[in-house]
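**Student:** Sharing a structure below in structure tokens format, with a few things to ask.
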Amino acid sequence: MRAPRLLGLLAAALCLAPGGLLALESGADFLDAQIPARPAAMAGAFAAYSDDPVAFLWNPAALGAAAEPMVSATHFLSIVDTEFDQASFIQPLRIGDSKAGMGMNVQYDTTTNFDQIDAAGNDLGAVENYDLLVGGSAGMSLGGTMRLGFTAKVFDSRLLTYEARGFAVDLGGQSDVTDRMTLAATLMNLGTQSAYDQVADPLPTNFDLAGRYLIFDADEEMIQMGAQLDRPFSTDLPITLGVGGEYSYRRTLVFRAGWLFGTQLGPFSLGVGFKWHGFSVDYAYNSLGDLGMTNRFSVSVELGTLFQRLGWTVDPIQNGRPSGEEAPVHVTAPAWEPGTPHVTAP
């Protein structure tokens, strides 16, 4: 009965959302940009996952299952020459007997070949434009099968001489109903922003319900799938349902596919991933119908695995002090000796 309690909690948060969010249009659409490749290849149906360094971007509760420090970075070129870059970092923690984690995220996008032309047809040069977002997240496991999380983020958006700034929060929960099934709910982008000119648009706040199911898990092969229902608080945007899955061979080569129902753009996505000794490279192809398509690449590194391969000592940490073997890791570089290369741990 843990899952009904979780969904009831998030539904209550939905009911408490300000009525002004039910607006005809929303601003700061870059808050909804789903940049990393693995989730993008599975139609964004990722709020119930917790095994990826970017999972907390879909649901901060995923940090309650963080196993080791990880970093991730993504770059892709979208339509109309808009470039997106994103980087994130997660660090597992332990609070008492409970697993926890923290995460940080930086996102930046800009449109190139965007020139200003005056009434006489003169080219006045490139238009300065960008969106910059910085966020911090925390998540914690409650009772081993339920996780809750929170994200706070600030952003700055500029177009020529106009600028808007704002902040938003994300709330999320996950519940492991069985060893194979996880249910999740999130309330994303709840906040406000200043006006570019005279009137400030509402943020693209969404309420999501999601699930993940592990279909098959063996030494050489694994198949899992997820589904996510996205209910925007903007009446001009449709409710969408994303369904995606992945097949993993020997935990090394991964194939992914997804389908997004309810969108007027191209609905399908494909992807492939390769993982080796803690390094992962992922690719995603997303169709956008008549607008074309996008390709994106992501790279992630399991820092604990990398440090161990470098011969660094990995000590567990609990509340800032050494603890038992199951605690998250803290890395200490070995002392330098004459005649050996000198490496300093971050």
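The values are calculated or read from the model by the stated rules, or taken from the named source; none is laboratory data. The shown structure was predicted, so the numbers you read here are calculated from the model rather than taken from an experiment. Heads up, the Cβs are rebuilt from the backbone with ideal geometry, glycines too, and the neighbour counts pull from every protein chain shown.
**Student:** Look through the range 152-172, keep the residues that are in contact with a strand residue (DSSP E or B) (Cβ under 9 Å, 6 or more places away or on another chain) and among the β-branched types (V, I, T), and return whichever of them is surrounded by the fewest Cβ atoms within 10 Å (Cβ to Cβ).
**Tutor:** V154
**Student:** Tell me the helices (runs of 4 or more DSSP H) entirely within the range 1-100 that contain at least 2 residues that are surrounded by 16 or more Cβ atoms within 10 Å (Cβ to Cβ) and at pLDDT 85 or above.
**Tutor:** Hits in the range 1-100: 37-41, 55-58.
**Student:** With (1) buried (at least 21 other Cβ atoms within 10 Å of the Cβ); (2) in contact with an Asp or Glu (Cβ under 6 Å, 6 or more places away or on another chain); (3) in a loop (DSSP other than H, G, I, E, B) as the list, and D208 as the residue in question, which single condition is left unmet?
**Tutor:** (3)
**Student:** Same structure again: In the range 264-277, is there at least one residue being closer than 17 Å to S50 by Cα and of a type in the set (V, I, T)?
**Tutor:** no
**Student:** Here's a check for you: in the range 101-130, which residue that is modelled with pLDDT under 85 and of a type in the set (V, I, T) is farthest from the chain's Cα centre (by Cα)?
**Tutor:** I117
**Student:** Determine whether D201 is at negative phi, outside any strand (DSSP E or B), out of contact with any His (no Cβ under 8 Å at 6 or more places or on another chain) and loosely packed, with under 14 Cβ neighbours inside 10 Å.
**Tutor:** Judged against the criteria, D201 is not a match.
Condition check ((1) in contact with a Cys (Cβ under 9 Å, 6 or more places away or on another chain); (2) farther than 21 Å from I35 by Cα; (3) surrounded by fewer than 21 Cβ atoms within 10 Å (Cβ to Cβ)) across all residues:
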site	(1), (2), (3)
F216	no, yes, yes
Y249	no, yes, yes
L265	no, no, yes
F279	no, no, yes
N286	no, no, no
L291	no, no, yes
V301	no, no, yes
L306	no, yes, yes
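**Student:** Then there's this: Would you mind finding the one in R147, R158, R165 that is modelled with pLDDT of 95 or more and among the basic types (K, R)?
**Tutor:** After ruling out the rest, the residue left standing is R147.
**Student:** Residues to consider are R231, R251; find the one that is among the charged types (D, E, K, R) and farther than 30 Å from P202 by Cα.
**Tutor:** R251
**Student:** Is there any pair linking a residue in the range 270-298 that is touching a residue at least 60 places away in the same chain (Cβ under 8 Å) to one that is charged (D, E, K, R), with Cβ under 6 Å and at least six apart or on different chains, and which?
**Tutor:** If the second residue must be charged (D, E, K, R), the pairs left are G271/R256; G273/D282; D282/R38; A284/R296; S298/D282.
Residues checked against (1) small (G, A, S); (2) farther than 16 Å from D51 by Cα:
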residue	(1), (2)
Y130	no, yes
G139	yes, no
L160	no, yes
Q174	no, no
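**Student:** Could you list, ordered by first residue, the pairs with Cβ atoms under 7 Å in which the first is in the range 244-257 and in contact (Cβ under 8 Å) with a residue 24 or more places away in the chain and the second is surrounded by fewer than 14 Cβ atoms within 10 Å (Cβ to Cβ) and not in a strand (DSSP E or B), at least 6 apart or interchain?
**Tutor:** Y249/E220; R250/E220
**Student:** Go through G144, G149, G135, G139 for me and flag whichever is outside any strand (DSSP E or B) and either of a type outside the set (S, T, N, Q) or buried (at least 17 other Cβ atoms within 10 Å of the Cβ) (or both).
**Tutor:** G144 is the lone residue from the list that is outside any strand (DSSP E or B) and either of a type outside the set (S, T, N, Q) or buried (at least 17 other Cβ atoms within 10 Å of the Cβ) (or both).
**Student:** Follow-up. Give me the pairs, please: first residue somewhere in the range 182-196 and more than 12 Å from A61 (Cα to Cα) and surrounded by fewer than 19 Cβ atoms within 10 Å (Cβ to Cβ), second residue anywhere and basic (K, R) and at pLDDT below 95, beta-carbon distance under 6 Å, and either six or more positions apart or on two chains.
**Tutor:** Hits for this filter: S194/R165.
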